[in-house]
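Working notes for the structure below.
Rule-based calculations on the coordinates, nothing more; no lab input. All values derive from a computational prediction rather than experimental measurement. Note that we place each Cβ from the backbone using ideal geometry, even for glycine, and neighbour counts take in every protein chain shown.
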Amino acid sequence: MKKIVTVQEVDGEGLVALLDKQVLIFCLNYIYTGKLSGVNTNDILLTDPAIVYETGAFNSSSFADAQKLPNNLYIRTSAIESYSETNKK
């Protein structure tokens, strides 16, 4: 039997590491992009957000169809499937 016997918490990992960066957030129903401006246990805050309806090629410089939202966007962390930094807007 294998067991994990030590756990080390590393500051600045995960979403916190992406604060103040342009991110791509894959959620249960939609994909969002924007500047990650806030993180807590329950929510993240995207400023200058957009809903990405069609990504296009991931190595292209822009999304095929991303619609800007008029206000900042709060997303529940429970709805996030995956996330990454992106250079696309």
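Computed 3J(HN,Hα) for the stretch 41-52, one whole-Hz value per residue from the Karplus formula 6.51 cos²θ - 1.76 cosθ + 1.60 where θ = phi - 60°, is 4, 9, 9, 10, 10, 10, 9, 6, x, 8, 8, 9, glycine and proline marked x.
Shape summary: the stretch 14-85 maps onto an equivalent ellipsoid whose semi-axes, from the alpha-carbon gyration tensor, are 19, 12, 12 Å in decreasing order.
For G38, the residues whose modelled amide H falls within less than 5 Å of its own, excluding neighbours fewer than 5 places apart on the same chain, are L45. Sparsely packed loop sites in the chain (the chymotrypsin sites (Phe, Trp or Tyr not before Pro) outside DSSP H, G, I, E and B with at most 11 other Cβ atoms within 10 Å) comprise F58. Within the stretch 1-86, the GluC sites (Glu not before Pro) that combine a DSSP coil assignment with at most 14 other C-beta atoms in a 10 angstrom radius are E9, E13.
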